[in-house]
Amino acid sequence: MMEPRSGCFLTVPFRCWKNIFFLILLLSGFLSMPFLLFAQPRQVMKIGVLANRGVSRCFEDWQPLADYLTKHDDANILYWIEPLRFQDIDEAVRQRKVDFLITNPYNYVELADKYRVERLATVVRNTSKGPSSVFGGTVFVRASCGDINHLHDLKDKIIAAVAPNSFGGWISILRELHAQGINPRRDFADVKFCYSQDLVPLLVRNGQADAGFVRSGILEKMIAEGQVSPGEFKVLHEHPASDLSELKILHTTRSYPEWVYARLGSVPDLLAKKVAIMLYNLSADSKAAQAAGINGWTIPLDYHSVNECFKELRLGSYNDYGNFALKDTFVKYWRLYLLNLGFVLLLLWLA
């Protein structure tokens, strides 16, 4: 009686199971083909957000809002946050790297003028004094600093600010400085742009700057987060008495409409309307609202006050506002010049 060859009992079953496994994979592939053929790829809508407190903090604060939009959108659209530094926003919009934008009034007004950017909603933030849809700029110094109590005391001092296109942390404050005849280029010893709201108080605390410019609410947030101590800084209150806004937190400037949620021209009207409705329906106790520190969104406010600030400082499209050269008279009154020239030629001919 012949004995079975060594390994024969193990080899045959292994080959059989190998073939069976291959057939199962092949069959599952055929069964899934109809779903692959008819399934539509998920559309991704990128929301560019000004990362004024850093990229990682931007994701932490605003990605829950993108998740909220994804969850409540019935068109299988995936919304995603794209953090943008101050210096990257213009290029991102110009090259259409994003579809929506959450940014400050300065960027919105400038981009609305240069490109087809339209506002859909204005954010309502949670502050230590309650919800607010307006904000401003805050000038502060160390509490122990006794020689800086007014804006005119900032002359010959070192200033820490956020960025040249930060509305709360630079531009809104420039307007108040301009009203008092202070020119930063001429009157400040130096200006250090940090490109982050959180870094400005740290430079002032460490003595690397005499005063700091940030948007209103930043000091209160950093105190609540334990980054700075209560009473460590004092704020210069210089906003005009005519500014009767709802802004109750510490601030130096007059108030302006809060950040805006805007769409680029490539976004269809129907989608923009749907997103706006979802923003208006965002509840204050939702995960998205709590992560961003907001109370929700409201209808777009009037940004005329921002345009007035631009006009006074000659920024953006108002860069040449008030300048009138001789060539401009020819462009505007060329018909009158021709009429006068014809009249002079007629007199010469008659003479």
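The values are calculated or read from the model by the stated rules, or taken from the named source; none is laboratory data. All figures in this text were calculated on a predicted structure; none of them were measured in a lab. When we count neighbours, we look across all protein chains shown, and the Cβ atoms used for this are built from the backbone with ideal geometry, even at glycine. Calculation scope for accessible area: heavy atoms of the full protein, side chains included, ligands and nucleic acids excluded. Shrake-Rupley method; radii C 1.70, N 1.55, O 1.52, S 1.80 Å.
Applying the set (1) open to solvent by less than 10 Å² (accessible area, probe 1.4 Å); (2) of a type outside the set (Val, Ile, Thr); (3) under 13 Å from the mean Cα position of the chain (by Cα) to GLN87 leaves exactly one unmet item: (1).
So for segment 38-56 (the condition being modelled with pLDDT of 55 or more and part of a helix (DSSP H, G or I)), does at least one residue qualify? Yes, the conditions are met somewhere in segment 38-56. Give the residues of segment 132-178 that are part of a loop (DSSP other than H, G, I, E, B) and among the polar types (S, T, N, Q), sorted by residue number. SER133, SER144, ASN149, ASN165, SER166 - these are the residues of segment 132-178 that are part of a loop (DSSP other than H, G, I, E, B) and among the polar types (S, T, N, Q). Here's a check for you: in segment 159-179, which residue that is farther than 19 Å from LEU219 by Cβ and either of a type in the set (Lys, Arg) or open to solvent by 10 Å² or more (accessible area, probe 1.4 Å) (or both) is nearest to the chain's Cα centre (by Cα)? Here the answer is ASN165.
Going by what's in this entry, would GLY181 be described as out of contact with any Lys or Arg (no Cβ under 9 Å at 6 or more places or on another chain), without any contact (Cβ under 8 Å) to a residue 40 or more places away in the chain, outside any strand (DSSP E or B) and on the phi > 0 side of the Ramachandran plot? Spelling it out, GLY181 is indeed out of contact with any Lys or Arg (no Cβ under 9 Å at 6 or more places or on another chain), without any contact (Cβ under 8 Å) to a residue 40 or more places away in the chain, outside any strand (DSSP E or B) and on the phi > 0 side of the Ramachandran plot.
Residues that are surrounded by 18 or more Cβ atoms within 10 Å (Cβ to Cβ) and not in a strand (DSSP E or B) within segment 204-218 comprise VAL204, ALA209, ASP210, SER216, GLY217, ILE218, listed in sequence order.
Kindly evaluate TYR333 against the criterion of being at pLDDT below 90, farther than 27 Å from ALA75 by Cβ and surrounded by fewer than 14 Cβ atoms within 10 Å (Cβ to Cβ).
On the way: at pLDDT below 90: yes; farther than 27 Å from ALA75 by Cβ: yes; surrounded by fewer than 14 Cβ atoms within 10 Å (Cβ to Cβ): yes.
Yes.
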